[in-house]
Amino acid sequence: MSSLTNKRILLGVTGGIAAYKSAELIRRLQDAGAEVRVVMTAAATEFITPLTLQALSGNPVYQDMLDADAEAAMGHIQLARWADLVLVAPATADFIARLANGQGNDLLTTLCLACTSPIAVAPSMNQAMWTNQVTQQNQDNLLQNGVRFFGPGEGLQACGETGPGRLLEPLQLVDLAAAIFPSSILSGKHVLITAGPTREAIDPVRYISNHSSGKQGFALAEAAVEAGASVTLIAGPTHLQTPDRVQRIDVISTQEMFSAVLAEAKNSDIYIGVAAVADFRPAHPVEQKIKKGQGSNETLSIELIENPDIIATVAELDPKPFTVGFAAETDNLIEYAKAKLISKRLDMIVANDVSDSSIGFNSDENKTTVIWDSDQKVIPQMSKHNVAREVIELIAARQKARLRT
Ligand code: PMT
């Protein structure tokens, strides 16, 4: 199926009988991975209700330039900037004429004027209106200005005549929309990433944790989105902002992370465990704050029990996602990382020397060695964002190779 993963499509609906098809078009665009927002002309609302398209798109439907509420939520310039593609389907002869003449006399034409992303129109009208010389001249003008035309198709029309002017079918429109975007290395893939530390409660005010900031995991989420994937990020406690177009699930403890990962992993093509997961947790967290002197001889013992190994559990799933671990080591970096690759049955591991504070926890840079069954590659010291891009490239290539075997 065509991929529109992470793409934002502004669907313009104008007033023609084929407006009813926009309901199905929204669904098919969403199936292909797109986020859809809808703008309707006044005439379109005579053919299909804004409520229907709002329910299907999951977003408010925009209709009026002068609607103060809509402008406060997302102004028309913001909406034009939001779109990766404006697709007008169905596009009437009147709309095409107004667009060709640079008019901004309603919200949809204004958005098109303000939009710097591609614009595509899918004409729908009577065959005589389509072949009319003025409509053809309008099409030529728009084509010269970079506007794409999807269709029209030919066949029996609502008016009973036969000829060119039919709106293309929703799946044809989705294919044409997808073809506008260059395909990327993780196009159509779903990537699940964990990041940050986990926290294990000792009592209501104290916990066991580690120094992970989440920076490397968040950078990987961003790089996976750049590579065209849809990304779910399961984050332990961090103060980092969620990268654009990433679905984030916040957790605190290892057991919460374990449950969240297992719920998501079966729908994922790739799993990347960057989180610094606590291997142990207090066996009996105390409900009230532990008071000084509660231990004996100025010592206090806390019994720890082992946490589940999240990544090893993911690697046992059938079918399992392409499973990538990170190994934080302070000595024998490559030897220990290779041992984890084998014992946890991973497809790849990224070895990270955390004894050097310039490339470990909370640093902005990293230096790693990526290891897989047959080979390894050193990624020299660079920003965590660039490390993430290199790691994503290696993962995409190895995952593709594994699918072929
Ligand atoms: O967050 P930053 O400040 O940017 O720092 C980045 C980092 C140092 C945390 C990151 O680069 C890193 O090395 N992450 C892995 C940390 C870690 O827990 O390593 P480990 O060697 O203990 O675990 C190996 C793998 O098993 C990891 O993929 C880990 O997520 C996973 N694991 C570990 C224990 C457990 N119970 N469940 C797991 O899934």
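Given the pairs K320/K367; K189/K377; K266/K377, which span a C-alpha to C-alpha distance of over 26 angstrom in this model?
Correct reply: K320/K367; K266/K377.
What nm distance separates the two modelled labels at A114 and K320, each placed 7 Å from Cα along Cα→Cβ?
5.0
So how much slack lies between Q144 and N101, counting 0.36 nm per residue of separation and subtracting their Cα-Cα distance, in nm?
Values: separation 43, 0.36 × 43 = 15.48 nm, distance 1.28 nm.
Here the answer is 14.2 nm.
Apply the a/c threshold of 1.5 to the C-alpha gyration tensor of segment 116-173 and tell me whether it is rounded, prolate or oblate.
It is oblate, given that a/c is not under 1.5 and a/b is not larger than b/c.
Report, to the nearest whole %, how much of the accessible area of segment 123-254 belongs to carbon and sulfur atoms, 1.4 Å probe, protein only. If you can, show how the numbers build up before the last one.
Details: 3020 of 6100 Å².
Answer for segment 123-254 is 49 percent, counting heavy atoms of protein chains only.
Tell me, in nm to one decimal, what length is gained between L262 and D364 on full extension, where the rule is 0.36 nm per residue of separation less the Cα-Cα distance?
Here the segment from L262 to D364 would lengthen by 33.7 nm.
I'd like the FRET efficiency for Q54 and E303, computed as 1/(1 + (r/R0)^6) with the beta carbon distance as r and R0 of 60 Å, rounded to 0.05.
Step by step, r from the Cβ atoms, then E = 0.65.
How many nm is it between the label spots at D279 and K377, if each spot is 7 Å from the Cα in line with the beta carbon?
3.0
What does the extension gain come out to for N132 and D203, with contour length at 0.36 nm per residue minus their alpha carbon separation?
Here the segment from N132 to D203 would lengthen by 17.8 nm.
Between E46 and D356, how high is the FRET efficiency from 1/(1 + (r/R0)^6) when r is the Cβ-Cβ distance and R₀ = 45 Å? Nearest 0.05.
Plugging the Cβ-Cβ distance into 1/(1 + (r/R0)^6) gives 0.10.
Does segment 1-89 come out rounded, prolate or oblate, given a ≥ b ≥ c as the square roots of the eigenvalues of its C-alpha gyration tensor, rounded meaning a/c under 1.5 and, failing that, prolate meaning a/b above b/c?
Details: a/c = 1.90, a/b = 1.13, b/c = 1.68.
Oblate, since a/c reaches 1.5 and b/c is not below a/b.
Ignoring everything but the protein chains, give the 1.4 Å probe accessible area of E161 in square angstrom, nearest 10.
Ignoring ligands and nucleic acids, E161 comes out at about 80 Å².
Given the options A114, Y20, Q157, identify the residue whose Cα lies farthest towards the positive end of the charge dipole of segment 8-180 (+1 on Cβ of Lys, Arg; -1 on Cβ of Asp, Glu).
Farthest towards the positive pole: A114.
In terms of Cα to Cα distance under 18 Å, which aspartates and glutamates are near enough to K289, apart from those fewer than 8 places away along the same chain?
E200, D203, E298, E303
In nanometres, what is the gap between the two model label sites at D175 and D244, each 7 Å from Cα along Cα-to-Cβ?
It is 3.1 nm.
Which value, in Å², gives the accessible area per residue of the chain when a 1.4 Å probe is used on the protein heavy atoms?
For the chain, the per-residue accessible area is 49 Å².
Looking only at the chain, where both bridge partners belong to it, what percent of the DSSP beta bridges are antiparallel (to the nearest 5)?
35
The values are calculated or read from the model by the stated rules, or taken from the named source; none is laboratory data. Just so we're clear, the structure is a prediction, and the values are computed from it rather than from any experiment. Glycine gets a Cβ as well: all are built from the backbone with ideal geometry, and neighbour counts include every protein chain shown. Keep in mind that these areas ignore ligands, DNA and RNA; they rest on the heavy atoms of the full protein, side chains included. Shrake-Rupley method; radii C 1.70, N 1.55, O 1.52, S 1.80 Å.
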